[in-house]
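One structure below.
Laboratory data are not the source of any read-out in this text; all were calculated from the coordinates shown. As the structure is a prediction and not an experimental result, all values here were calculated from the model. Using ideal geometry, Cβ is built from the backbone for each residue, glycine included, and neighbour counts are taken over all protein chains shown.
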């Protein structure tokens with residue numbers, strides 16, 4: 001029997017699939033503008049799911065791209081640019097929420113507004129009164145975060161725990177709490 005030579009695996013560098021990433025990392029503003037236009041809708045959509053205020057989601061989207069411009073030289077290409085940008089977006093939103101929480105606790109005694117006033121109005125048929133977005137927005141802050149990261153964005157408990165600085169057991173408890181509260185809200 002002769003040994004069959006298997007082809008060597010081809011290791012691809014994700015940055016080579018999009019030359020704009022390489023150009024932008026070296027300071028090319030036009031390349032970065034093309035990246036912005038290619039990814040802005042995904043980034044905004046993620047921000048809008050994590051923050052119940054549409055205006056704040058727009059501001060955070062801009063913050064993400066400012067941070068991406070500042071940090072793009074650190075992008076090593078170990079994952080796709082979109083994946084790196086997604087992670088950056090989650091971190092920017094979570095950091096903003098932490099900062100907002102600290103500021104509120106210093107300057108206000110009121111609880112954080114969890115309303116959906118800032119969400120874009122969209123036509124809802126009379127039969128669609130079970131508004132999932134409203135139910136998610138009404139969740140307590142921690143449960144909403146974990147629910148969004150796990151059930152909407154698809155992160156694993158270990159990843160969420162690392163992002164939030166808690167144990168994976170805590171994220172599992174928050175997810176369970178979120179699901180129970182959503183079930184209760186949607187069956188009323």
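Per residue, the convex hull spanned by the alpha carbons of region 130-188 comes to 64 Å³. In this structure, residue 172 and residue 69 have a Cβ-Cβ separation that, at R0 = 41 Å, corresponds to a calculated FRET efficiency of about 0.70. Calculated FRET efficiency, residue 91 to residue 59, Cβ-Cβ distance, R0 = 22 Å: about 0.90 to the nearest 0.05.
Length available on full extension from residue 79 to residue 185: 0.36 nm per residue minus the Cα-Cα distance, which gives 34.3 nm.
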